Amino acid sequence: MEKKNAHAFGFRKENYKFLFIGLAVNIIGYLLMIGGAAKDPNSFDESELFSEVRITVAPILIVAGFVIILYSIMKKPVSKNTETEAHNW
């Protein structure tokens, strides 16, 4: 008996879905970190530079995006043998 998927690619549709979700979360985090530009280059606006969005929310989104990407890479597809074995318990 030959194995049909002996050389199957590791990424499935679900893996790509998680990968693109992680990339989107990363892009949103980086865009939030960029923030707005100063209207006058000669003045310093401390509240714009040290806002909560730039300091806390954006880095959390970036780390969460990398965690989702890592999960998408490490996730193995569920084989039909393990599904039937789980139901036989």
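Among the conditions (1) within 24 Å of PHE9 (Cα to Cα); (2) at pLDDT 75 or above, the only one that LYS80 does not satisfy is (2).
Number of residues in the range 10-31 that are surrounded by 12 or more Cβ atoms within 10 Å (Cβ to Cβ), touching a residue at least 40 places away in the same chain (Cβ under 8 Å) and in a helix (DSSP H, G or I): the value is 10.
The values are calculated or read from the model by the stated rules, or taken from the named source; none is laboratory data. What you are looking at is a predicted structure, and each value in this text was computed from that prediction instead of being measured. Don't worry about glycine lacking a Cβ; one is built from the backbone with ideal geometry, like all the others, and counts go over all protein chains shown.
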